[in-house]
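The values are calculated or read from the model by the stated rules, or taken from the named source; none is laboratory data. Given the structure is predicted, the values throughout are model-derived calculations rather than measurements. Virtual Cβ from ideal backbone geometry, glycine too; neighbours counted across all protein chains shown. Heavy atoms of the whole protein, side chains included, go into the accessibility calculation; ligands, DNA and RNA do not. Shrake-Rupley method; radii C 1.70, N 1.55, O 1.52, S 1.80 Å.
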Amino acid sequence: MFTSSIFKSGLYQTDKDLIIPENYQVLFEPGCQLDLVKNAAFISKSPVQMSGTPEQPILIFSSDQ
């Protein structure tokens, strides 16, 4: 059995590591922006599906480098 984790369209900022364990279904919706600050990381042990579009790309970045 899988647990779902959905990142809906919008801007998210975190200074904590995002760690997704095994057996999750991870989906990023179009227009999702994930800003990882203060050396935060995104780590997934499950497959990640990103469904961006040219009009609504998915961005994963760090605004503070």
Go through S9, S44, S4, S62 for me and flag whichever is open to solvent by 50 Å² or more (accessible area, probe 1.4 Å) and at pLDDT 95 or above. S9
Could you please tell me which pairs satisfy a Cβ distance under 7 Å, a separation of 6+ or placement on different chains, a first residue in region 1-20 that is in a loop (DSSP other than H, G, I, E, B), and a second residue that is small (G, A, S)? S9/G31; D15/A40; K16/A40; D17/A40; D17/A41
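Can you pull out every residue in region 12-41 that is among the β-branched types (V, I, T) and open to solvent by 80 Å² or more (accessible area, probe 1.4 Å)? Write out each step before concluding.
Narrowing region 12-41 to residues among the β-branched types (V, I, T): 14, 19-20, 26, 37.
Once the filter is applied, which keeps residues that are among the β-branched types (V, I, T) and open to solvent by 80 Å² or more (accessible area, probe 1.4 Å), region 12-41 yields only I19.
Quick one: count up the residues across region 24-65 that are assigned to a loop (DSSP other than H, G, I, E, B) and not small (G, A, S). Spell out the reasoning first.
Looking only at region 24-65, we keep the residues that are assigned to a loop (DSSP other than H, G, I, E, B), and these are 29-31, 37-41, 45-47, 51-58, 62-65.
Now drop any that are not not small (G, A, S), which leaves 29-30, 37-39, 45, 47, 53-58, 64-65.
Here the count works out to 15.
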Number of the condition not met by G31 [criteria: (1) modelled with pLDDT under 95; (2) within 12 Å of the chain's Cα centre (by Cα)]: (1)
